[in-house]
1. Applying the selection to segment 3-24, what residues are buried (at least 16 other Cβ atoms within 10 Å of the Cβ) and not charged (D, E, K, R)?
2. Do you know which residues across segment 152-199 are among the β-branched types (V, I, T) and at pLDDT below 90?
3. Within segment 112-130, is there a residue that is surrounded by 13 or more Cβ atoms within 10 Å (Cβ to Cβ), without any contact (Cβ under 8 Å) to a residue 24 or more places away in the chain, among the hydrophobic types (A, V, I, L, M, F, W, C) and under 29 Å from L38 (Cα atoms)?
4. For segment 25-84, what are the residues that are surrounded by 11 or more Cβ atoms within 10 Å (Cβ to Cβ) and of a type in the set (S, T, N, Q)?
5. Taking the stated definitions as given, is L131 closer than 24 Å to S84 by Cα, modelled with pLDDT of 75 or more and of a type in the set (A, V, I, L, M, F, W, C)?
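The values are calculated or read from the model by the stated rules, or taken from the named source; none is laboratory data. As the structure is a computational prediction, the values presented were derived from the model and not from experiment. Here the Cβ is made from the backbone with ideal geometry for all residues, glycine too, and neighbour counts use every protein chain on show.
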Amino acid sequence: VNLMFSSIFTFPTEKTMLLKEREAKVYPVSAFFFGRTLAGIPIDLAIPFSVTTIIYLMAGLKPTVGAYLLTLITLVISCFTAGSLGLLIGAAVLDLKRAQSVSICIMLTLMLPSGFFIQNIPVWLSWISYLSYITYTFDALKFIQLKGRVPECPPGNEACSLLSGSQFDTLGPQIGILLLMLVVFRAGVYVSVRWSAKP
């Protein structure tokens with residue numbers, strides 16, 4: 001979530017420079033986009049790596065190297081997806097106040113039906129959970145950490161039903177969907193920068 005909100009500032013704050021350099025034909029939009037993307041990779045990797053490592057050791061999660069690496073990979077992909085969504089909002093709007101308002105609405109819409117805060121989602125709203133990267137991240141982490149460790153839940157215990165495990169039998173679908181979202185959001189960022197930042 002932090003990466004998403006910090007990412008929305010990227011293109012609105014660089015709008016003036018981008019417009020001037022596009023008008024002067026200093027470089028194509030693709031060079032700006034890929035350069036900005038590559039420049040953000042180190043910090044986007046450092047944050048989830050450091051936070052995940054500290055929390056993993058302190059929280060007593062599954063004590064295997066494989067589970068740690070899978071958790072780290074899942075969270076890195078999720079952070080990149082969230083950052084890409086923030087970049088997309090910022091590039092599409094190119095106005096800081098509007099981008100903040102839009103991002104808050106989108107984030108709340110994605111968070112609430114993701115399965116962590118609300119278990120019984122109305123049928124007419126349940127489809128939103130399939131559009132939320134948080135849903136697939138949460139499901140992947142449940143699969144990694146709880147597979148083979150889920151306790152027997154008493155009948156009717158809703159608090160315990162949260163530990164019922166993943167909706168998939170393997171980790172592949174969640175990671176694949178997160179990667180697909182990442183690619184779609186990044187492509188959307190490029191298109192938005194190309195068409196929104198016309199001289």
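1. L3, M4, F5, S6, S7, I8, T10, F11, P12, L18
2. Once the filter is applied, which keeps residues that are among the β-branched types (V, I, T) and at pLDDT below 90, segment 152-199 yields T170, V193.
3. There is no residue in segment 112-130 that is surrounded by 13 or more Cβ atoms within 10 Å (Cβ to Cβ), without any contact (Cβ under 8 Å) to a residue 24 or more places away in the chain, among the hydrophobic types (A, V, I, L, M, F, W, C) and under 29 Å from L38 (Cα atoms).
4. Listed by number, the residues that qualify are S30, T37, T52, T53, T71, T74, S78, T81, S84.
5. Spelling it out, L131 is indeed closer than 24 Å to S84 by Cα, modelled with pLDDT of 75 or more and of a type in the set (A, V, I, L, M, F, W, C).
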